[in-house]
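The values are calculated or read from the model by the stated rules, or taken from the named source; none is laboratory data. Keep in mind the model is a prediction, meaning the values are calculated, not measured. FYI the Cβ positions are ideal-geometry reconstructions off the backbone, even for glycines, and counts take in every protein chain you see. When the accessible area is computed, the model is the full protein with side chains, heavy atoms only, and any ligands, DNA or RNA have been set aside. Shrake-Rupley method; radii C 1.70, N 1.55, O 1.52, S 1.80 Å.
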Amino acid sequence: MVKVVLADDEPLALTLLQHIIDWKRFGLTLSGCAKNGDELYEMVLSFQPEIVITDIRMPGKSGLEIIAKTLESGLPTHFIIISSHTSFEYARKAIQLGAEDFLPKPVSRTELVKTLNLVLEKLKTPEHKEESYRKLIQTAKGYIDLNFDKHLTLDSVASHVYVSSSYLSTLFKKETGVNFSEYVTNVRMENAKRLLDNAEYTITQISDMVGYKDVKHFSSVFQKYYQMSPAQYRKIG
C-alpha cells in the first residue's frame, strides 16, 4: 500500500480530502493527518509516506519549507499542494521545489484524481529524486542569474530555496560540477564581458553592476579569468 499523509490547518479541508479520495481504488493508505507544518514534518520523517497532500500556508513550517527539507533528508516523497493561495509565485516556487501539482481550493475531485494517477505512475520509476535535485539547483541558479549584482552568499541562496547551506553546497557541486562561489563568479564575469562591450558604462560602473564594490578586486578577478584587464578587453572588443 502507498502511504499518504494529509495536512491542512482547516479541519473541514482535511475531512473533505479523506472523503473524496478513493483509497481502495488507488491502493492508498492514510498514515496521518497534520494540522500544522511542524506536525506534518514530524509525520514525514516518522511515516516516510510516498505521497503528501498539503496546504502551502499553515502555522509552523510552510509547505514550501517542508518540500525542501524532505528532499534534503533524502526521502523521495511526492508532494501535491492544495491551497486557497493561488498566486503565480506560490505555484512557481512549489513546482520548482519538486511539487507534483498545485491545485486551488476548493479541490476538484477530477483534478486530484488526475494528479494522483500521475504520481502513482512516477512511483514506478526511480528517477523522481534526481529530478527534484535538478529542479532545486535550477531554482538556485536562476536566483543567482537574476541577482548577480547583489551581495550573494551561500546562506542567502540556500535560504531562498529553503535548504541548509551545507546541503546546497554539496548538491551544487554534484549537479553542476563547480562549487557555489565558482558559479557566481562565472556568471559575474560573463556579464562583465557583455557590459564592457557597451562604451556607455565606465569600468567602475560595470564593477558595481556585476556585484563588486571594489573596482580593484573586480579587475583582479577579471584578469585571472581572461588573462587581460577589463581595459585591455575593451580595447580589443
Test result for Lys3, in contact (Cβ under 8 Å) with a residue 40 or more places away in the chain, open to solvent by 60 Å² or more (accessible area, probe 1.4 Å), closer than 18 Å to Leu120 by Cβ and basic (Lys, Arg) = yes
Take Ala68 and decide whether it is of a type in the set (A, V, I, L, M, F, W, C) and touching an Asp or Glu at 6+ places or on another chain (Cβ under 9 Å).
-> no
Which listed residue, of Ser159, Ser169, Ser181, is part of a helix (DSSP H, G or I), polar (S, T, N, Q) and within 24 Å of Ile56 (Cβ to Cβ) = Ser159
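Any residue in the stretch 96-104 that is surrounded by 15 or more Cβ atoms within 10 Å (Cβ to Cβ), within 29 Å of Gly177 (Cα to Cα) and modelled with pLDDT of 90 or more?
First, pick out the residues of the stretch 96-104 that are surrounded by 15 or more Cβ atoms within 10 Å (Cβ to Cβ): 96-103.
Next, from what is left, pick out any that are within 29 Å of Gly177 (Cα to Cα): 96-100.
Add one more test, that the residue is modelled with pLDDT of 90 or more, and what stays is 99-100.
Within the stretch 96-104 (the criterion being surrounded by 15 or more Cβ atoms within 10 Å (Cβ to Cβ), within 29 Å of Gly177 (Cα to Cα) and modelled with pLDDT of 90 or more), the answer is yes, since at least one residue qualifies.
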Does the stretch 148-187 hold any residues that are closer than 15 Å to Phe218 by Cα and loosely packed, with under 15 Cβ neighbours inside 10 Å, and which are they?
-> Asp149, Lys150, His151, Ser181, Glu182
The stretch 76-95 - residue that is in a loop (DSSP other than H, G, I, E, B) and either in contact with a helix residue (DSSP H, G or I) (Cβ under 7 Å, 6 or more places away or on another chain) or under 15 Å from Asp9 (Cβ atoms) (or both) and, of those, least open to solvent (accessible area, probe 1.4 Å) = Thr77
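When you look at Glu190, is it within 26 Å of Ser73 (Cα to Cα), part of a helix (DSSP H, G or I), of a type in the set (Asp, Glu) and open to solvent by 70 Å² or more (accessible area, probe 1.4 Å), yes or no? If you could, list the steps in order and put the result at the bottom.
Working: within 26 Å of Ser73 (Cα to Cα): no; part of a helix (DSSP H, G or I): yes; of a type in the set (Asp, Glu): yes; open to solvent by 70 Å² or more (accessible area, probe 1.4 Å): yes.
Taking the combined requirement at face value, the residue does not satisfy it.
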Log entry, pairs with first residue in the stretch 210-237 being more than 18 Å from His151 (Cα to Cα), second being open to solvent by 70 Å² or more (accessible area, probe 1.4 Å) and not in a helix (DSSP H, G or I), beta carbons closer than 6 Å, six or more apart or on different chains, reads Gly237/Asp197
Would you pick out the residues in the stretch 193-216 that are hydrophobic (A, V, I, L, M, F, W, C), assigned to a loop (DSSP other than H, G, I, E, B) and either touching a His at 6+ places or on another chain (Cβ under 6 Å) or open to solvent by 30 Å² or more (accessible area, probe 1.4 Å) (or both)?
-> Ala199
